[in-house]
Amino acid sequence: MKRITIQGIAGCFHETAAHGSFPGEEVEVLPCASFDEQFARMAADAELLGVAAIENTIAGSLLPNHELLRRSTLTVIGEYKLRISHVLAALPGQQVTDIREVHSHPIALMQCGEYLKARPAMKVIERDDTAGSAREIASQRLAGTAAICGAEAAELYGLEILERGIETNKHNFTRFLVLADRSRAAEFTDPVRTDKASLVFTLPHAQGSLSKVLTLLSFYGINLTKIQSLPIIGREWEYRFYVDVTFDDPVRYRQAVDAARPLTSDFRILGEYAEYPNPEI
């Protein structure tokens, strides 16, 4: 059985991603109150795996998770992409017209902004978790209150789904990283299927330093799928770059990595794994 840490509680999107990352396998999900707690638990037990969101097509990157990964002893062994669809859920017997308050995570509220804007009578209340909002309403029997959450959370906590698909943009996907201790990376690596890598490096504060690296990657036929910069605290106007690349030829990829190292500082491969296909809407 695989023991997988997640941020959130039963019914959350992270739990869905944890099961989706290992289809057909027996999985024990270990909920954590925060990403900090999740990474700390994995640091204390090398046998644990983890699934952590890293970016959303609407809300953007989860910047703190980039740094948690860089500072950890973990490696990326895979990824999972999940379409995020929100429902409005309340206690059984409630109608949409009965709802006076809507509880959810700030990002979920933002993703359903147009729906909420059209219903000004509903007071928006921010909570720490989408599934947690559903659990709170169910456990406290909060009449006149609805949660914006996933359908699985609503069903798990016995709420009635009043409306489905209330997110503003249907192209709403979250990408999750599947994590393991570096000592276990070989257990999950399939060289035949590996075609993606996550890298991190810093660059000198010099003209053209980034363009040189990007030109080099292009020369070796490496496709840049993501680049995220974060300021380096204490070093004004210097940045750390998190880069995701895909490749068809592992030899050319290795050549590109070897050529890029001298142009950068603190170069590290965060993980090499198989790219997950984009889900359908």
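A compact table of results
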quantity: Residue match in segment 54-61 (condition: touching a helix residue (DSSP H, G or I) at 6+ places or on another chain (Cβ under 8 Å), at pLDDT 95 or above and under 22 Å from R184 (Cβ atoms)); calculated: yes
quantity: Helices (runs of 4 or more DSSP H) lying entirely in segment 57-170 (those with 3 or more residues that are loosely packed, with under 15 Cβ neighbours inside 10 Å and free of Cβ contacts under 8 Å to residues at least 12 places away in the same chain); calculated: none
quantity: Residues of segment 4-55 satisfying the condition of being loosely packed, with under 14 Cβ neighbours inside 10 Å and assigned to a strand (DSSP E or B); calculated: E28
quantity: Filter result for the condition that a residue is of a type in the set (S, T, Y) and in contact with a Cys (Cβ under 7 Å, 6 or more places away or on another chain), over T194, T225, T168, T189; calculated: T168
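The values are calculated or read from the model by the stated rules, or taken from the named source; none is laboratory data. Keep in mind it's a predicted model, so treat the numbers as computed, not measured. Counting neighbours? That spans all protein chains shown, and the Cβs are built from the backbone with ideal geometry, glycine included.
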